[in-house]
Amino acid sequence: MVLGANGMLGRDLMKVLHSSLPSDQVVGWDIEEIDIQKKDESVTKIEKVRPEIVIHIAAYTDVDGCELNKEKAFSVNGEGTKHVALAASECNAKMVYLSTDYVFDGDKREPYVESDAPHPLSVYGHSKLQGEQYVQTFVKDFLIVRTQWLYGPFGKNFVSSVLRQAREKNTLSIVDDQTGSPTYTVDLSRAISSLIQSDAQGIFHVANSGLCTWYTLGQTVLKLSGLSRVKVIPISSRELGRPAVRPSYSVLGCQKFQEETGLTMRPWSEALKDFLSKDRQRPS
Ligand SMILES: NC(=O)c1ccc[n+]([C@@H]2O[C@H](COP(=O)([O-])OP(=O)(O)OC[C@H]3O[C@@H](n4cnc5c(N)ncnc54)[C@H](OP(=O)(O)O)[C@@H]3O)[C@@H](O)[C@H]2O)c1
């Protein structure tokens, strides 16, 4: 069972699961089928299906929105996750929970490993960490996958936003003081599937390899898309003035994932090239 199946990651994950499992063994729900904020309704609905594995990727993912609507952030990402965890536990199901690099503060300056102490800077980060804690408290067989900087064919993301803005403007201002690893939702979906197949338990960091700033990512998107005429100006997070504070460095070390699955996540620039070449073939 996938909760959040219509989101950016959910739609790719559903495709990956459908490619390896009979269609009647995969159930994908989103807000139309279940509101995870409602405890009794969520638990009852999930229990009726009695899934063997619950992959919980539904979330309130608007990082700045969370800062302005703290109550909703904790209600969906914290309490909502608790309700899913209680239901998973009732069904004796394995629970997979998607979490974020924003549980870290960015002060480490080298890749974060799974045993590093979280210290979120934003409401979103705090609420996702609360979700992690509920999963660890209520579910015996759990898998927490922390990832970062997602983009893909479905939903709003940085890469699609750069491409859209490049059609309308000659100059883009992009922050150059946050470093991370852009991650392709198709690669992440395959990685989640591999972790489930190896029956991994505990916390795992998964992201495409290599690192960059949003500024470098923006420049690379434009270059690979033949839009080098658009000028990119590096700015600071302070200049951008977003409500939520982001970690200035949140690269995730993925060694544990490699050891568990024998797989290595490809470099972000390679994945991006792949995505953009497929994106060009998609009808707009
Ligand atoms: N995007 C990133 O860069 C990133 C980075 C690190 C971790 N993650 C984590 O990865 C997971 C997937 O992210 P994503 O970017 O694919 O998110 P997304 O596109 O926002 O998808 C999340 C889905 O959850 C649904 N949802 C929201 N509130 C719900 C509720 N109360 N009950 C049931 N469903 C609800 C959303 O519906 P609506 O759209 O109608 O609200 C949406 O379809 C999330 O857990 C996120 O925290 C994402």
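The values are calculated or read from the model by the stated rules, or taken from the named source; none is laboratory data. Note that this is a predicted model, so its numbers are computed, not measured. As a convention, Cβ positions derive from the backbone with ideal geometry for all residues, glycine included, and neighbour counts pool all protein chains shown. The accessibility values were calculated without ligands, DNA or RNA, using every heavy atom of the protein model including side chains. Shrake-Rupley method; radii C 1.70, N 1.55, O 1.52, S 1.80 Å.
Before we move on, is H83 closer than 27 Å to Q178 by Cβ and not in a strand (DSSP E or B)? No; evaluated as a whole, the condition is false for this residue. Selection of the stretch 232-253 for residues being out of contact with any Lys or Arg (no Cβ under 9 Å at 6 or more places or on another chain), over 22 Å from V206 (Cα atoms) and touching a residue at least 12 places away in the same chain (Cβ under 8 Å) yields V232, I233, P234, I235, S236, E239, L240, R242, P243, A244, V245. You will find that of D40, D35, the residue that is of a type outside the set (G, A, S) and open to solvent by less than 80 Å² (accessible area, probe 1.4 Å) is D35 and no other. Open to solvent by less than 10 Å² (accessible area, probe 1.4 Å), among the β-branched types (V, I, T), under 18 Å from L222 (Cβ atoms) and modelled with pLDDT of 95 or more - does that describe any residue in the stretch 182-205? Checking the stretch 182-205: not a single residue is open to solvent by less than 10 Å² (accessible area, probe 1.4 Å), among the β-branched types (V, I, T), under 18 Å from L222 (Cβ atoms) and modelled with pLDDT of 95 or more.
Of the helices (runs of 4 or more DSSP H) that lie entirely inside the stretch 232-284, those containing 1 or more residues that are under 17 Å from the mean Cα position of the chain (by Cα) span 255-261, 268-281. Which of (1) open to solvent by 10 Å² or more (accessible area, probe 1.4 Å); (2) closer than 16 Å to H56 by Cα is the odd one out, the single condition D105 does not satisfy? That leaves (2) as the condition not met.
Restricting attention to the stretch 117-136, the residues being of a type in the set (S, T, N, Q), open to solvent by 10 Å² or more (accessible area, probe 1.4 Å) and either within 13 Å of the ligand (Cβ to nearest atom) or in contact (Cβ under 8 Å) with a residue 24 or more places away in the chain (or both) number 1. Restricted to the stretch 13-32, and to residues there that are β-branched (V, I, T) and open to solvent by 30 Å² or more (accessible area, probe 1.4 Å), the residue that is farthest from the ligand (Cβ to nearest atom) is V27. I'd like to know if the stretch 187-208 contains one or more residues that are small (G, A, S) and under 15 Å from K273 (Cβ atoms). No, there is no match, as no residue in the stretch 187-208 is small (G, A, S) and under 15 Å from K273 (Cβ atoms).
Considering E90, E71, E114, E79, the condition of being more than 14 Å from the ligand (Cβ to nearest atom) and open to solvent by 40 Å² or more (accessible area, probe 1.4 Å) is satisfied by E90 alone. Do we have any residue at all in the stretch 51-64 that's modelled with pLDDT of 95 or more, open to solvent by 60 Å² or more (accessible area, probe 1.4 Å), within 12 Å of the ligand (Cβ to nearest atom) and more than 25 Å from Q25 (Cβ to Cβ)? Yes, because at least one residue in the stretch 51-64 is modelled with pLDDT of 95 or more, open to solvent by 60 Å² or more (accessible area, probe 1.4 Å), within 12 Å of the ligand (Cβ to nearest atom) and more than 25 Å from Q25 (Cβ to Cβ). Give the residues of the stretch 137-162 that are open to solvent by 20 Å² or more (accessible area, probe 1.4 Å) and farther than 18 Å from Y249 by Cα, sorted by residue number. Correct list: T137, F138, K140, D141, F142, P153, F154, G155, K156, S160, S161. Scanning the stretch 93-107 for residues that are assigned to a loop (DSSP other than H, G, I, E, B) and more than 12 Å from the ligand (Cβ to nearest atom) yields a total of 4. The set of residues in the stretch 222-265 that are surrounded by 16 or more Cβ atoms within 10 Å (Cβ to Cβ) and within 17 Å of T171 (Cβ to Cβ) comprises L222, S225, V230, V232, P234, I235. Of the residues making up the stretch 1-12, those that are open to solvent by 20 Å² or more (accessible area, probe 1.4 Å), near the ligand (Cβ under 6 Å from one of its atoms) and part of a helix (DSSP H, G or I) number 1.
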